[in-house]
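Asks: Pasting a structure below so you can have a look.
The values are calculated or read from the model by the stated rules, or taken from the named source; none is laboratory data. Since the structure is predicted, the reported quantities are computational estimates derived from the model, not experimental observations. Note: ideal-geometry Cβ built from the backbone for every residue, glycine included; neighbour counts use all protein chains shown. What goes into the accessible areas is simple: the full protein's heavy atoms, side chains included, and nothing from ligands, DNA or RNA. Shrake-Rupley method; radii C 1.70, N 1.55, O 1.52, S 1.80 Å.
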Amino acid sequence: MTMYHMINWFFALSFFGYVLECVVLSLENHKLVLDRGFGHGPFCIIYGFGAAFACLMLEPFVGQPLRLYFASMLLATSMEMVTAGAMIYLFGEFWWNYSEKPFNYKGIICLESSIGWGFLGLVFFGMLNRTIHALVALIPQQAGKILAVSLVLFYLSDFVYCVHQRLSGQEEVEEGEESIGRMKVSFRGR
């Protein structure tokens, strides 16, 4: 696999994560939710990173469903904790809120989502990873290179823009837009 294949795989899984979050939140809130992810594109890159870490760390558990389930739970829940900690440090908030769910910790993690992460790990190694790799492999080599470079340039420029906007207090909020699931926290020392 080339670097370009892996970049396109990463963004395909980030797009899958965006769609998954939009569907789950739309069902939970009984209205269409499209405001997910950090930037402006349809990507939740934590899913791309989660998939990459899963491939690196959970491969030994493939073929052992019970161990894979619990390892997936632990990995994804840990990623939520680390990501929330970084977002709280940088922005004073994180982009989800489990505070209304039972067995949650500071709204950052909850048992319901951790259980879901375990099942997602089984689905990922059972079929999703193979399917995404196969779909990405269908992209002609030159087009794949252009797509990969374009996605990286788009995401990096959007990421820098969004970080600047949020750190300077100039975050864009469209009229009538509400943030579903964002949790403001008080962060001492900011």
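Asks: Which one of F70, F43, T131 is farthest out on the positive end of the charge dipole of the chain, using unit charges on Cβ (Lys, Arg +1; Asp, Glu -1) and the Cα centre as origin?
Replies: The listed residue farthest towards the positive side: F70.
Asks: Two decimals is fine: what is log10 I(q)/I(0) at q = 0.16, 0.26, 0.28 Å⁻¹ for region 45-85, from a Debye sum with one equal scatterer on every Cα and no solvent?
Replies: Those come out to -0.38, -0.87, -0.96, one per q.
Asks: Report the dimensions of region 1-93 along its three principal axes from the alpha-carbon atoms, largest first, rounded to Å.
Replies: Computed over the Cα atoms, the extents are 38, 30, 30 Å.
Asks: Ignoring ligands, DNA and RNA, what accessible area per residue does the chain give at 1.4 Å, in Å²? If you can, show how the numbers build up before the last one.
Replies: Details: 11440 Å² over 190 residues.
Ligands and nucleic acids excluded, the figure is 60 Å² per residue.
Asks: Something else now. For a paramagnetic label modelled at 7 Å from the Cα of F53 toward its Cβ, which residues of region 114-141 fall within the zone defined by backbone nitrogen distances under 11 Å?
Replies: Residues passing the 11 Å test: none.
Asks: Next question, about the same structure. Simple spin-label model, 7 Å along Cα-to-Cβ: Q64 to R130 in nm?
Replies: The modelled label-to-label distance comes out at 2.1 nm.
Asks: Expressed as a whole percentage, what fraction of the accessible surface of the chain belongs to carbon and sulfur atoms when a 1.4 Å probe is rolled over the protein heavy atoms? Write down the numbers at each step before the final one.
Replies: Details: 7830 of 11440 Å².
Of the solvent-accessible surface of the chain, carbon and sulfur hold 68 percent.
Asks: Now, a different point. Once every DSSP H run of n ≥ 4 in the chain is given -39500 (n - 2.57) and the sum is divided by its residues, what mean residue ellipticity at 222 nm do you get, rounded to the nearest 500 deg cm²/dmol?
Replies: Details: 6 runs with 116 residues, N = 190.
The helix contribution divided over the chain gives -21000 deg cm²/dmol.
Asks: Sequence gap at least 6, Cα distance under 8 Å: using those rules, report the relative contact order of the chain to the nearest whole percent.
Replies: 27
Asks: Take the Cβ-Cβ distance between A86 and Q142 as r, set R0 to 41 Å, and report the resulting FRET efficiency rounded to the nearest 0.05. Working shown, then result.
Replies: Details: r = 36 Å, r/R0 = 0.88.
After rounding to 0.05, the efficiency reads 0.70.
Asks: Subtracting the Cα-Cα distance from 0.36 nm times the residue separation, let me have the gained length for F103 to T2 in nm, one decimal. Before the final figure, lay out each step's value.
Replies: Working: separation 101, 0.36 × 101 = 36.36 nm, distance 4.23 nm.
The span from F103 to T2 would gain 32.1 nm if fully extended.
Asks: Moving on to the next point. Can you tell me the FRET efficiency between L111 and N29 if r is taken as the Cβ-Cβ distance and R0 is 25 Å, rounded to the nearest 0.05? Don't skip to the answer; put the middle values down first.
Replies: On the way: r = 20 Å, r/R0 = 0.81.
Approximately 0.80, to the nearest 0.05.
Asks: In debye, nearest 20: dipole of region 1-126 around its Cα centre with unit charges on the Cβ of K, R (+) and D, E (-)? Each step should come with its number before you reach the end.
Replies: Working: 5 positive and 8 negative charges, 22 e Å.
Charge dipole of region 1-126: 100 debye, to the nearest 20.
Asks: Diagonalise the Cα gyration tensor of the chain and give the resulting equivalent ellipsoid semi-axes, square root of 5 times each eigenvalue, largest first, whole Å.
Replies: Values: eigenvalues 147, 108, 46 Å².
The answer is 27, 23, 15 Å, longest axis first.
Asks: S78 to V19: extension gain in nm, 0.36 nm per residue of separation minus the Cα-Cα distance?
Replies: 19.1 nm
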